[in-house]
Amino acid sequence: MSKTFDVCIRGDGVVGRTLALLLARERLRVALVAGQAPAEPHASDVRAYALNGASRELLQGLRVWPDAPFATPVSQMQVWGDDGGRIDFSAASVEQEALAWIVDVPALAHQLIQAVRYQPQVELVAAPAKAALTVVCEGRQSASRDEFGVQWTVKPYPQKAIAARLLADVPHHGIARQWFAGGDIAALLPMAGEGGNSLALVWSVSVERAEALEQMPPEEFCAALQAVCGPQAGSLTLTSERASWPLALANVDRWVGAGWALAGDAAHTVHPLSGQGLNLGLADAACLARVLAAREYWRGLGDEKLLRRYERARKADVAAMGAVTDGLHGLFAQTDDRWQLLRNWGMKGFAQSGLLKRWVTRQAAGL
């Protein structure tokens, strides 16, 4: 006789495992579709997450926040335009410990695997199981959206993101740096603790240029990057393989239906220039868990009216972030001199805007 569960979560990434742990705290019986017994994350994974204060608080509450060397606080964020425009953000300006934390992907994945392994309310299963509610957390390549009749609208960007790890010849001092140059967007994120000199790179470039950069010898790759970044982060050395993926703005027409819901990249993706992708997904998980925990005693977990509370709570925030990142990408993709003058004038004005800059800083920090 097959087992039944309260909730079946399809997808065992960061969002899926976080949601499973949140629902287990509510004494719900959770099936987590993992396909196979999870292997420990590979140390060669070069990705890094920029997590805000809300995400950190959520993961700390689940006791899965990585140790200090694998979660580096960002004390400052420096952003350069392509003709002298510059904006500086600081944690001190909003009385916070950090603007964000740069988290090593394998370290966070390891913590989540261990937590799920010792949570008796969560059972790993190889295939979808019968449950009152199915939550799809399969990521942007989800195979389950079609099953529930969901329309997936994709606006592809003519760009790919390149990720890698680098070593600088000077400490990063907890400063994250980002450059907008000729349509490209490069970010160097501090890793390995506050006194470290390890950096995580996320470099959004045209598809054609990405292919060329991926094939370059390490020295040429660093020289090309240094031409964009200048001397601000020090002299750079490539210390890892390079990974890449196509970029797109995507969303679904419906987040929920009777007996099912979508969360994380299965419901939405945004451009990585803001570093908010996983923060949005974790906020989905936290919101859905709250909605389910606060349901009326007579209402079932798969009740569509109940699930629409979750959709209403999250859809507007995600749409706003998508509009902001899409607008910024479009603005900096323009190469005409008049656009360059306009955006750098705007950056300089924003840098001196006082209350507006403080408000944006607090939003980015998840306050």
Sole exception among (1) modelled with pLDDT of 90 or more; (2) surrounded by fewer than 18 Cβ atoms within 10 Å (Cβ to Cβ) for residue 28, by number: (2)
Selection from the range 273-296 of residues that are of a type in the set (D, E, K, R) and buried (at least 23 other Cβ atoms within 10 Å of the Cβ): 284
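Report, by residue number, each residue of the range 183-211 that is of a type outside the set (Ser, Thr, Tyr), surrounded by 14 or more Cβ atoms within 10 Å (Cβ to Cβ) and more than 23 Å from residue 66 (Cα to Cα). Lay out the reasoning, then the answer.
Residues of the range 183-211 of a type outside the set (Ser, Thr, Tyr): 183-197, 199-203, 205, 207-211.
Add one more test, that the residue is surrounded by 14 or more Cβ atoms within 10 Å (Cβ to Cβ), and what stays is 183-194, 196-197, 199-203, 205, 207, 209-210.
Selection gives 183, 184, 185, 186, 203, 205, 207, 209, 210.
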Failed condition for residue 134, given (1) within 26 Å of residue 275 (Cα to Cα); (2) at pLDDT 95 or above: (1)
Spans of strands (runs of 3 or more DSSP E) in the range 235-318 with at least 2 residues more than 24 Å from the chain's Cα centre (by Cα): 236-238
Residue selected from the range 272-310 under the condition out of contact with any helix residue (DSSP H, G or I) (no Cβ under 7 Å at 6 or more places or on another chain) and of a type in the set (Phe, Trp, Tyr), by the criterion farthest from residue 48 (Cα to Cα): 298
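Would you pick out the residues in the range 207-234 that are of a type in the set (A, V, I, L, M, F, W, C) and either assigned to a helix (DSSP H, G or I) or under 22 Å from residue 157 (Cα atoms) (or both)? Break it down stepwise before answering.
So the first thing to find is which residues in the range 207-234 are of a type in the set (A, V, I, L, M, F, W, C), and the list is 207, 210, 212-213, 216, 221-225, 227-229, 233.
Once the filter is applied, which keeps residues that are of a type in the set (A, V, I, L, M, F, W, C) and either assigned to a helix (DSSP H, G or I) or under 22 Å from residue 157 (Cα atoms) (or both), the range 207-234 yields 207, 210, 212, 213, 221, 222, 223, 224, 225, 227, 228, 229.
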All positions within the range 180-206 that are part of a strand (DSSP E or B) and more than 11 Å from residue 48 (Cα to Cα): 180, 181, 184, 185, 186, 187, 198, 203, 204, 205, 206
Candidate set from the range 225-241 (those that are small (Gly, Ala, Ser) and under 25 Å from residue 104 (Cβ atoms)); member that is surrounded by the fewest Cβ atoms within 10 Å (Cβ to Cβ): 235
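Any idea which of 75, 55 is over 16 Å from residue 123 (Cα atoms), crowded, with 19+ Cβ neighbours inside 10 Å and modelled with pLDDT under 90? Show your work before the answer.
Details: 55 fails: modelled with pLDDT under 90.
The conditions single out 75.
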Residues (aliphatic (A, V, I, L, M) and within 16 Å of residue 254 (Cβ to Cβ)) located in the range 110-149: 133, 135, 136
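The values are calculated or read from the model by the stated rules, or taken from the named source; none is laboratory data. Quick caveat: nothing in here was measured; it's all calculated off a predicted structure. Positions of Cβ are backbone-derived with ideal geometry, glycine not excepted, and every protein chain shown enters the neighbour counts.
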